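The structure appears below as structure tokens.
The values are calculated or read from the model by the stated rules, or taken from the named source; none is laboratory data. In this text, all values refer to a predicted model and were calculated from it rather than measured experimentally. Note that each Cβ is placed from the backbone with ideal geometry, even for glycine, and that neighbours are counted across all protein chains shown. We work out accessible area using only protein heavy atoms, side chains counted, and drop any ligands, DNA or RNA first. Shrake-Rupley method; radii C 1.70, N 1.55, O 1.52, S 1.80 Å.
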Amino acid sequence: MRMKTKLFAASALYFGCALAATAQQSTPAVPDRLMVNIDAQQTFEPVSQYQFGMFIEHLRSLIYRSLWSEMLDDRKFYFPISSKELDTPPPPPGSPLRSMQLRKWRPVGPDEVVMMDKDQPFVGDQSPRVELNGTAQHGIRQTGLALVKGKKYTGRIYLRGNSESHVKVSLIWGDGERDRQTISIGALTNEYKKFPLGFTSQADADTANLEITGTGTGNFHIGTVSLMPADNVQGFRPETIALLRGLHSGIWRLPGGNFLSDWSWYDSVGDIDKRPPMFDHAWNAMQTNDVGMDEFMTLCKLIGTEPYITVNAGLGDAHSAAEEVEYMNGALSTRLGAMRAHNGHPEAYHVKFWDIGNEPYGEWQIGRTDLRYFTLKTNEFAKAMRRADPSITLLASGAMPDEMTVTGQARALHMADPQAQFGSPADFTGGLLAHSWGSFDGLTEHWYARAGKRFDYEHAKSLAPDAPNEAGYVNVDQSLLEWARYPSNRVREKAEAWQEYEKRFPAMLDKKIFLSIDEYAYSGTPVNLKLALAYGMVFNEMLRYTDFLKMSAFTMGVSTLDYNRTEAEYNTTGLLFKMYRDHLGTIPVALSGNSPQPAPKYPIAGDQPKTHPGSPTYPLDMFAALTPDRKYLTIAVVNATESEQKFDLSVTGARLTGPSTLWQMTGSSPDAANHVDQPPQVEVKEIPVSGAPGTIAVAPISVGIYRFPVADARQKDFEPCL
């Protein structure tokens, strides 16, 4: 049976009957004894396998630093080569876009010996031509490579030149004459030829160089060059692939993001060395197009997840979107299915989930379209894409009033009220439901919470329409608990809005329209235990709405890792994802308590829902579920306070039996974090629990998952939505 979405009823599932009586309290009266009851007979729709998904996009060099094994930047020579050309500046200290500084090629010899050939480039708009002059070494160099002693590195280089040129490629890890390995290239011709590269480093190095130099007369041209650790897994970093596979993510949304809206998927398939580099105007960066659609499918296979593809509905059109579907899913008898086979992938990918556009509501989005036209575009895209493959599941890119408010889009549309209203031109989700009905199976939503800030309605009312997008935010002082609970507000707002849409469009229930929160993050804060507490609450909140919330994708998938150029490990966010995926049950059960969440202290607008998120177990946040085999009852408990908390547990509808287990994630302080070059400060420990205690003590600043063996849990049938 389908769980009814009644957020504010006196249901035992999450809130309890005490909520209405305390709705006006600003500070809750925490009871002397926190009482928690779980009714294992009252079960709800199972957690979707796509709930703990991930999102990734070509954000500057994010993919190439974290996932792809390529060691060389600008390997297709998008930028000019000059001693005066500056490396792209690194992000500011503490930025989540760490390690994204782009290294440039430099001349070996005078600047004038390296020219950019724009008449007959190997790929893209230009290729370097190196002029030679006898015995002097002329060529190009890239520095800043990280090497591991004893490790092998392989690659390739495309060269052409006259027969009097003598080219060498050297990997250099030190200043001494022997601190290098050099490969002499055979005779060149006027046609580009691929030459293999292979090196073994004899030392650890952080600032190694790759040099491509020549002597003799005439000149030589460089097409592309590539260098990877030899242990790469089909081009991907083995250490990050292994960790991501361990997260068991149900889905990855890709390539997605702002980058998508001026990118052509056609340029991302075929010979990887002949794909042209392009400039990403969304993120002000160059992209090599090395990781394209086929590589993304390889990634999904390697980490054991389903792909979820977003098509370009910015500058892209319905025809290109339909052809993308045909390339990915088409039979060999189709034109683009045959192209895929020619590119080395004869078997269709059978991609099920497709999303039309990325954040089309945002004025920051390249190719932004007003709602009245985007609904037409959605209809056109859906029709064309379903002609290519009628079996696909299509999602439309919406934005509920909360998103249109906090991002300033209602104000930018010159609405009288900065708070977007249902049914207005600032209600993208409502507009899709009204004017694109039948074109989609699900709707998408994005949210980003800002650490240390909140949306201030009165302040927003005073802003001009052309004020910065998010000028409505103000700084706020919050306790640790308030800070940790804050991003869950955005999840609760999606649930409140969904209930409103079901009233306005009751056919949503019959058609089983579902929601995907396919971008979300708590930004502007370090990745540490404090952040894990917040995400634990976000997980609990999302899992309360299994009747309609079927997919989610965390920003970014690799934000679960701490990595440098040669190593990687789970950060606290990754540990949290893994703990929930490995140990939490998937059949939600009713949970009630005698301590409801406090009433809101700010106006109901922007990022403030009508009721605070969380379970009626304040100050703890809890979620309970049975395992699929119904042999265990699991309870996720977040204690975002710096004090031990206790609760008395009673269970009806099942009998707890045998020894139990607690998986507990905690550290010495909220700031505790895990980094690859330091001992871990946060760990998930497996702790035996004797029997089924009536009173449970919860450690401060911790996230725990309790598992109790059960008997006699009653079976219940469900009608799945996906």
| request: Along Cα→Cβ, 7 Å out, is where each label goes; now give me the distance between the ones at LYS512 and ASN564 in nm to one decimal. | output: 5.0 nm
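Please compute the length gained on full extension between ALA434 and LYS601, using 0.36 nm multiplied by the number of residues separating them and subtracting their Cα-Cα distance.
Stretched fully, the ALA434-LYS601 segment lengthens by 56.7 nm.
Show me the ranking of peptides 172-182, 323-333 by mean Cβ neighbours inside 10 Å, starting with the highest.
With the highest mean Cβ count within 10 Å placed first, the list reads 323-333, 172-182.
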| Protection proxy ranking of 462-474, 289-301 - average other beta-carbon atoms within 10 Å, highest first | 289-301, 462-474
| task | Taking amide H positions as placed in the peptide plane 1.01 Å from N, state which residues far from SER436 in sequence (5 or more) or on other chains have amide H under 5 Å from it. | result | none
| remark: Diffusion coefficient in µm²/s returned for the chain by Stokes-Einstein, Kirkwood Rh over C-alpha pairs, 37 °C and 0.692 mPa s, is 119 µm²/s
| query | So what's the convex hull volume per residue for the Cα atoms of the range 105-229, in Å³? | reply | 100 Å³
| query | In the structure shown, do any of LYS453/LYS494; LYS84/LYS151; LYS494/LYS578 have a Cα-Cα gap over 22 Å, and if so which? | reply | LYS84/LYS151; LYS494/LYS578
| task | For the range 255-271, just list the computed ³J(HN,Hα) in residue order, Karplus coefficients 6.51, -1.76 and 1.60, θ = phi - 60°, integers in Hz, with x standing in for Gly and Pro. | result | x, x, x, 4, 3, 4, 6, 10, 10, 9, 5, 4, 7, 9, 10, x, 3
| query | Leaving out ligands, DNA and RNA, what percent of the accessible area of the chain is carbon and sulfur, probe 1.4 Å? | reply | 51 percent
| remark: With the 1.4 Å probe rolled over protein heavy atoms, the chain has an accessible area per residue in Å² of 38 Å²
| field | Taking the range 246-319 and dividing mean pair separation by its residue count, relative contact order in percent (alpha carbons under 8 Å, at least six apart) | value | 46 percent
| note | In the neighbourhood of LYS461 defined by beta carbon distances under 10 Å, the net charge of the other residues (Lys, Arg +1; Asp, Glu -1) is -2
| note | With Cα coordinates, the longest principal axis of the chain makes an angle with the long axis of helix 371-388, in degrees rounded to 10, of 70 degrees
| Tell me, what is the percent relative contact order of the range 105-229, built from C-alpha pairs under 8 Å that lie six or more residues apart? | 37 percent
| How large is ³J(HN,Hα) for each residue in the range 277-290, as worked out from phi by the Karplus curve 6.51 cos²θ - 1.76 cosθ + 1.60 (θ = phi - 60°), to whole Hz, x for Gly and Pro? | x, 9, 9, 8, 6, 5, 10, 6, 8, 8, 10, 7, 6, 6
| query | Could you give the angle, 0 to 90 degrees to the nearest 10, between helix 318-329's Cα long axis and the longest principal axis of the Cα atoms of the chain? | reply | 90 degrees
| remark: Expected sort for 368-381, 186-199 on mean C-beta neighbours within 10 Å, highest first, is 368-381, 186-199
| task | List every residue whose amide H lies under 5 Å from the amide H of GLU306, counting only residues 5 or more places away in sequence or on a different chain, with H placed 1.01 Å from N in the peptide plane. | result | ILE251, TRP252
| remark: the chain: relative contact order from alpha carbon pairs under 8 Å, six or more residues apart, as a whole percent, is 17 percent
| Residue by residue through the range 301-307, which ³J(HN,Hα) values in whole Hz follow from phi under the Karplus form 6.51 cos²θ - 1.76 cosθ + 1.60 (θ = phi - 60°), with glycine and proline marked x? | 5, 5, 9, x, 10, 8, x
| In degrees, nearest ten, helix 572-583 long axis to first principal axis of the chain (Cα) | 60 degrees
